[in-house]
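Undergrad: Could you have a look at this structure, given as C-alpha cells, before my questions?
Only the coordinates and a few stated rules stand behind these numbers; no lab work does. Note that the coordinates shown come from a computational prediction; the quantities given were computed from them, not determined experimentally. Quick reminder, even Gly has a Cβ in these numbers, built from the backbone with ideal geometry, and neighbours come from all protein chains shown.
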Amino acid sequence: MRFRFSKQRTQDSELEKFRFRIVFAAGAVVLAFSLLIGRFFYLQVIQRDYYTTRAEDNRISLVPIAPNRGVILDRNGTILARNYTAFTLEITPSKIDRLDETIEELGRLVEILPKDRRRFRKLLEESKSFESLPIRTRLSDEEVARFAANRYRFPGVEVKARLFRQYPLGSIASHAIGYINRINKTDLETIEKNEQEANYKGTDHIGKTGLEQKYEFQLHGQTGYEEVEIDAGGHAIRSLARTAPISGNNLTLTLDAKLQEITEKAFGDRRGALVAIEPSTGGILALVSTPTFDPNLFVDGIRSDEWDLLNNSPDRPMVNRALNGAYPPGSTFKPFMALAALEIGKRSPSQTIYDPGYFSFGGHTFRDDKKGGHGSVDMYKSIVHSCDTYYYMLANDMGIDNIARFMGSLGLGSRTGIDIEGESEGVLPSPEWKKRRFKRPDQQKWYAGETISIGIGQGYNAYTPIQLAQAIAAVANNGVLYRPHLVRYITDTKSGQKSLIEPEPLRTLHWKPQNVETIKNAMIGVNKEGTGARAFAGAEYVSGGKTGTAQLFSLKGADYRSGKLKQELRDHALFIAFAPADQPKIALAVLVENGGFGARSAAPIARMVIDYYLLGKLPQGPAKDEDSPEKVE
Amino acid sequence: MFKHLLERFWARLTGNIDGPLLAIALALMAFGVATVFSATYDANNRAYSQLLNMLVGLAAMWAIAQTPPQKLMRFAVPLYVLGVVLLVLVFLVGVKVNGAKRWLPLGFTRIQPAEILKIAMPLMLAWYFHRYESALKFRHFAIAGILLLVPFGLIAKQPDLGTAILVGASGFYVIFLAGLPWKAVIGLILAGASAAPFVWTMLHGYQRKRLLTLIDPTTDPLGAGYHIIQSTIAIGSGGSFGKGWLQGTQTHLEFIPERHTDFIFAVFSEERGLLGNAILVGLYLLLIARGLMISANASTLFARVLGGAITLSFFTYVFVNMGMVSGVLPVVGVPLPFMSYGGTALVTLFLGLGILMSIHSHRMLVKK
C-alpha cells in the first residue's frame, strides 16, 4: 500500500513534469506561429505594393510594334522609297545548340543559297546572339507552309512578317535618297544621343546615307506597344492592351524623278555630277552623281562580294560627287569674277583690255588658251569667248582678299547646308585659308602670283558641284540666295499637316540690277554665239551658260589635244547654266570627270536637262560629245 | 431491428473517432483540395485524386483508431528495424532520382523507406522509454539519442534534409517529453549552435546554396533563389484578402514551382491573402492544441510521449513549410499537412491522427 502510494506519487509528479513540458511546447508553438503571422503581415500588408508591382512585372511584357517607315515621294508624287511586307525565316542563335546542322536541316525545307549563308554569318558577327537574324528573306507562300508544318522540329527558328524598304526606281536618285541598313554601334550612339532608345526597341534598320539618314527621326515614326501576359516560360498567353504605332512622316521632295532619270541617263557611262536647282526656292530638281548604285542591295544586308564591288571600283560609285567631289571650277568661275569686278568697281562693262595671248607677272608668263590672244576684249567678250588674260589682269587688280570675300558671299568654299549629311567644304583660297591649311611659315605666305591663276578658276580653287549650282542659282535669282534642299515638305501622317522646308531665303546679296543684267547677258551670249553655242543650237528658249575646264595638271604650254591623252588624265569638263533667261526656272552645274572641254561633254548634258524640264522633250540615249575640232576656251 | 443494427453500426464506426480532430482535419482538407484544384486547374487537375488519397487516409486513420495503444506498442521494434534495414538497403542499392538516392526498387514499384520512419521513430522511442519508465537514467537518453541519430544520418545522407529534419524532430520531441533534463536540452542547443560550422562543411553544395540564397535571394535570382523570390512575390501580392480563388497570377502563369506540392502555401496565400493565412494558421493551432490536450490526458507514458511527439511533428511540418515558402527558412522538401498534394504523405498524416484518436479513446483503459 505504501509502495503503491509512493508509486502513485511518483507517477503524479511525472505527470506534472510532462504536462509542464506540454505547456512549454505549446508556448513555443504559439510563439513560432506568431512569428509566421508577423512575416505574413510584413509581406502582405507592409510590402504589399512592392510585391504587387513585382507580380505585375512578372506577368506583363511589353512587346514593341515597329511603325511603318515614312514614304519618300518626288515633287510629282512618284514613289521613291516605300515599304512592303514579306515573310522571313529567322534564327535566334542563342536558342540553338548546333547552328550549322539547323541551317542544313532548314535548307531541306526552303531554299538557302550560299549567299544567304554568307549574309547570315556576317549578321551573326555583327549582332548579339539573342537577336533574331534572317537566314532567308522573301519566302514564298509555299515555303512558309512547308516550314509551318515542320515548325516543331526547329525551336528557335521562326517565320516572321517583316516590313522591308523598297526603292522602286532602283538606282535612280540613290545618292539623294540614300539607303537603310541594320543598326550598328555607331547608329546606337546616335539613337542614344537623341534619346530615342525606347522608340527604337522594335526597330532593326536605320537610314545610313542620304535623306534616309538625314530625316531618320521624321521617317521612323512612333513605336507602338502591345502589353502581353506571359507565363514563367516567357510564352505569350494573351494580349492585354495595345498602343498602335504611329507611322513615320512622309517626305515630299523638290526632286523631279523623271528629270533625275533623264539626267542620269544623259551621263551614260561617264563619271560626274549634276545639280539642278529651282532658283526662286533653292529646291533641288535633280541631284546626280554617276555612277550610281542600287540601294535595294543594302536593305536586307548587302552581300560582301557586292559590297566589295561597289567599294573597290575605280569609278567609286558610293561617292556622292555632287556633294563630296571638290573640283577647280575652271572658266565657270569667270562670270562670278566679272560680277565681283562690277560690284566693287574694278571694271565697267565697256572697259577693254588688250590680250596678246599671255599675261606676264613677276617673271612668270600666264598663257591664254588662244594662241596670239583675243585682241581687244571687253567684259561681254571675256565671258562669251572665255578670255583668260582678261581675268589674269582682273584678279591682279582686285587682289585675293576682294575675290575671297565676294566668292564667300556666294557660298563658295563653305557647306551649303543641303539636307544630306557629309557635305564637303571645298577650298576658297585666301591668305587666311593658307595659314590654316599649311604648317611651315614659308608655305603659309600668300604670293601675289598665286592670285593670278585664281582669276580663271584654277590654282587652289576647289568647289563642289552643289556650291557651283547654288552660286549660279543666286545669280539667276538676282542675288537672293536659298539653301539648296531636297525636301519640299514633310507630311505628318497623323494630322495630315504639311510643314514646308526652307521657305525663307538664306540671304540677299544687294547687287546693282544693271550689274547682274550685264553678267546674265554675257552668259546668254555664251549659249548664243560663244563656247556653248554648239550645244544650245536651235534651243526654243533663251538660256545663259558658261563652260569650264578644270586642269588636272599643267601641260606647260604644250599643245593640248585631249583625244591623244589617256582618258583618266584628261581635264574635267564643267558647265553652269540657267534658263529661261528672263524668268529662270532652273539653274544647274554639270561636271564630267575627265570629260575634256566643258563645251564638248558637259554642255550637251545641260541642254538635255533643260530641254526636258522646260519643254518636256525626251532625249534619245545619252548625251553625245560635241565635236569641237578647235579649242573653244 | 434494422434501426438497432444501424445504430450499432454507427456507434462502431464513430466509437473511437475524436470529433474535434476529425473536424479540424476535414476543414484543412477542404482548403487543401480547393487549393490543389486551383494549382492544377490549368492542366492535369489533381483535386479528385487528392480526394481519393483522403479517403484512403481516413480508412487508415479509422483502422488505427480502433487499435489500442498497447497493440501499437508491439509494432514499435519491428517497424523501426524494418525501416532502418530498408534505409541501409537504399544506401547500398538505392535508385538515384534527381541526384538523390531516396528510392528502393521493389521490382514492380519503388518505395521511400524514410516515410516509414516518420511513424516508426516516435513509436520506437516511446516504446523504449515506456519500457524503462520506472528507472530512467541518463544512459537511456543516450541510447535513445543513438536510436535517433542512425536513421537520421542515413536519411540526411541520401540527401533528404526535409525528411531527416521531420524524423529527427519527431524523435527529439519524444526524448524531450520523456523528461530529458533541462541541462541536457540547453546543452544540446549550445552544442548545435557551436557545431554549425562543421555542419556547414558537411552540407552538400546545393544545400549550402539554399542557405545562402535564404540570406539574399537576389544573389542567384534564376537559380536557387528563384523559388523563394517567386513564392514571396506570390504571398506579398496576395495582400490582405487575396486575389481570389483561381485568380492568382503567380500561380496560373506558372511562376510558382511545385505549386501543388511543397509550395502550395504560396498558391493559397496569393489567392486568400493574410486573412486566409490567419485562418489556416488558426486551424493548425487548434489541431495542435487538441493533440497536446489528448497527450496530456493520456494514461501511459508511451501514449503521452507518442501523442505529444506526433502533435509537435505536425507543428514542425507547418512551421518549416510556411517558413520556407515565405522566405525565412531554407528550401527543404517538407509538405504542408493536409494541404499539399501527395498520397503517401497524406496517409502518414492520417495515421498520426489515428494514433492520437486511439490514445484518446483508450485513455481510461488502464484505470479501469
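Undergrad: Net charge within 12 Å of residue B:335 by Cβ-Cβ distance, Lys/Arg positive one each and Asp/Glu negative one each, not counting residue B:335 itself?
TA: -2
Undergrad: While we're here: Extending each Cα 7 Å along its Cβ direction at residue B:247 and residue B:150, get the distance between those two points in nm, one decimal.
TA: Simple spin-label model gives 5.5 nm for this pair.
Undergrad: For the stretch A:98-171, which chymotrypsin sites (Phe, Trp or Tyr not before Pro) pass both filters: DSSP loop (anything but H, G, I, E, B) and at most 10 other C-beta atoms within 10 Å?
TA: Passing both the DSSP loop test and the Cβ count: A:130.
Undergrad: For a quick size check, give me the Cα extents of the stretch B:1-90 along its three principal axes, largest first, whole Å.
TA: For the stretch B:1-90, the Cα spread along each principal axis is 51, 48, 22 Å.
Undergrad: How many nm is it between the label spots at residue B:198 and residue B:81, if each spot is 7 Å from the Cα in line with the beta carbon?
TA: Once both label points are built, they end up 3.2 nm from each other.
Undergrad: Here's something else I'd like to know. Want the number for residue A:541 to residue A:117: 0.36 nm per residue separation, take away the alpha-carbon distance, what's left?
TA: Result: 146.9 nm gained on full extension.
Undergrad: Net charge within 15 Å of residue A:436 by Cβ-Cβ distance, Lys/Arg positive one each and Asp/Glu negative one each, not counting residue A:436 itself?
TA: Overall, the nearby charge balance is +4.
Undergrad: While we're looking at this one, here's another question. Starting from the Cα of residue A:425, step 7 Å along the direction of its Cβ; do the same at residue A:161; then give the gap between the two resulting points in nm.
TA: It works out to 5.1 nm between the two label points.
Undergrad: Which of A:354, A:391 has the fewest other C-beta atoms within 10 Å, and how do the rest follow up to the most?
TA: Starting with the residue having the fewest Cβ neighbours, the order is A:354, A:391.
Undergrad: So how do B:261, A:190 line up by other beta-carbon neighbours within 10 Å, fewest first?
TA: A:190, B:261
Undergrad: Can I ask one more? Could you give the length gained on full extension between residue A:84 and residue A:37, defined as 0.36 nm per residue of separation minus the Cα-Cα distance, in nm?
TA: 10.9 nm
Undergrad: Next question, about the same structure. Work out which helices of chain A, taken as complete DSSP H runs, extend at least 24 Å along their axis over the Cα atoms and score a mean Kyte-Doolittle of 0.0 or more, then list them.
TA: A:2-41
Undergrad: Measuring from centroid to centroid over Cα atoms, what is the spacing of the stretch A:133-187 and the stretch A:326-346 in Å?
TA: 52
Undergrad: Right, another one. Rounded to the nearest 0.05, what FRET efficiency do residue A:309 and residue A:360 give with R0 = 51 Å and r taken as the Cβ-Cβ distance? Could you check?
TA: The formula returns an efficiency of 0.50 here.
Undergrad: Still on this structure, please answer the following. Quick one: P(r) of the protein assembly as shown from all Cα-Cα pairs, 10 Å bins, percents rounded to integers, in order of increasing distance.
TA: So the P(r) values, bin by bin, are 2, 9, 14, 13, 10, 8, 7, 7, 7, 7, 6, 5, 3, 1, 0, 0, 0.
Undergrad: Hey, which of these cross-link pairs are over 29 Å Cα-Cα: A:265/A:381; B:157/B:209; A:17/B:157; A:370/A:434; A:115/A:258?
TA: Those over the limit are A:265/A:381; A:17/B:157; A:370/A:434; A:115/A:258.
Undergrad: Per the helix-only calculation at 222 nm, which mean residue ellipticity applies to the protein assembly as shown, given -39500 (n - 2.57) for every DSSP H run of n ≥ 4 and division by its residues, nearest 500 deg cm²/dmol?
TA: -15500 deg cm²/dmol
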